[in-house]
Amino acid sequence: MSAFETLIYQKKNGIAYITLNRPQVLNAYNVQMRDDLYEVLGAIRDDSEVRVAIFIGAGEKAFCAGADLSEFLTAPSPVVARQVRWTRDVWGLFLSIPQPLIAALHGYVLGSGLEIALCCDIRIASVDAQFGLPEVGLGIIPAAGGTQTLPRIIGRGKALEMLMTCRRLSAEEAFQFGLVNHVVPKGKLLEKAEEIAQKIASYHPLAVRNAKRAVVRGLDLPLNEGLDLERRLASELGWVARQGVHMKQGEE
Ligand code: COA
């Protein structure tokens, strides 16, 4: 286990656990958390022992209540911010992680908190979760990918409604919108995330990675290019299978 100032990073049985750990401010996303996340994500990407990762928020009240508003007015100049983004594109890194990412969401999931969840592949909510992008109400727009990731997940109309009216969704509404895969009782959140993670970790890692890559990359391609991509990724697995690598079949 390695501790960062704003995160806890643990690894157990092929599962990485990343806990956003600023519970006194509802895990608000600050510059230090960005730097810590950048390091952790790089470590996950390069660690073949990590088969799947779970994101969690510390404390009772929130996964993450968005950007740290106390840093709001002390943000660097746009020039500095752009330079930092060039060298520390945490959101680009997030979206390039080959392993599946699971977000276990409770309490407030706002702004950057929701954008972190949107960079994950599977989202699970406990019944108390509340989702929203309050940025427009603050005179800004999401800048951690939310305007792009949200419509890709819940569709244009619902995404625009959330963005332009700052509508907050309950866990049940988020499920109806297709924003989360499951809603579970409060005490069952980690259990459900681990159940899914263990299932994923039981399969051949390359098959899992290629399935993720085919879907995530393919969604941004025209259909014929997506089909080409699928063919390439499938034949890579055919090669692995011919090498006699044991490919576990799904049990469902
Ligand atoms: N940035 C910095 N601090 C934050 C924060 C944020 N985004 N969200 C909450 N906090 C801090 C509060 O200032 C408070 O600190 P304090 O105890 O020192 O006063 C602590 O976290 C607890 O929050 P509090 O507001 O008392 O909890 P609540 O249950 O009454 O309200 C929210 C919860 C999420 C509705 C409310 O905190 C809120 O609106 N936060 C801002 C959400 C937001 O706009 N995020 C930015 C998106 S761009």
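Starting from residues that are farther than 15 Å from Val109 by Cβ, under 19 Å from the mean Cα position of the chain (by Cα) and touching a residue at least 12 places away in the same chain (Cβ under 8 Å), keep the ones in the range 147-158 and report whichever is farthest from the ligand (Cβ to nearest atom). So, considering only residues that are farther than 15 Å from Val109 by Cβ, under 19 Å from the mean Cα position of the chain (by Cα) and touching a residue at least 12 places away in the same chain (Cβ under 8 Å), the one farthest from the ligand (Cβ to nearest atom) is Gly155. Does the range 115-144 hold any residues that are crowded, with 24+ Cβ neighbours inside 10 Å, under 14 Å from Met162 (Cα atoms) and in contact (Cβ under 8 Å) with a residue 40 or more places away in the chain, and which are they? Once the filter is applied, which keeps residues that are crowded, with 24+ Cβ neighbours inside 10 Å, under 14 Å from Met162 (Cα atoms) and in contact (Cβ under 8 Å) with a residue 40 or more places away in the chain, the range 115-144 yields only Phe131. Residues in the range 177-193 that are open to solvent by 40 Å² or more (accessible area, probe 1.4 Å) and either in a helix (DSSP H, G or I) or of a type in the set (Ser, Thr, Tyr) (or both): Lys186, Gly187, Lys188, Leu190, Glu191, Lys192.
Name the pairs: first residue in the range 40-59 and of a type in the set (D, E, K, R), second residue surrounded by 21 or more Cβ atoms within 10 Å (Cβ to Cβ) and modelled with pLDDT of 95 or more, Cβ to Cβ under 6 Å, at least 6 apart or on different chains? Pairs found: none. Name the single residue, out of those in the range 211-226 being part of a helix (DSSP H, G or I) and among the aliphatic types (A, V, I, L, M), that is surrounded by the fewest Cβ atoms within 10 Å (Cβ to Cβ). Checking each candidate, the answer is Leu223. Taken together, the residues in the range 131-146 that are near the ligand (Cβ under 9 Å from one of its atoms), modelled with pLDDT of 95 or more and among the aliphatic types (A, V, I, L, M) amount to 1.
Taken over the range 100-114, residues that are outside any strand (DSSP E or B) and buried (at least 24 other Cβ atoms within 10 Å of the Cβ) amount to 5.
The values are calculated or read from the model by the stated rules, or taken from the named source; none is laboratory data. Computed from a predicted structure; not experimentally measured. Cβ coordinates were reconstructed from backbone atoms using ideal geometry, including for glycine residues, and neighbour counts include every protein chain displayed. Accessible surface is based on the protein model in full, side chains and every heavy atom, while ligands, DNA and RNA are left aside. Shrake-Rupley method; radii C 1.70, N 1.55, O 1.52, S 1.80 Å.
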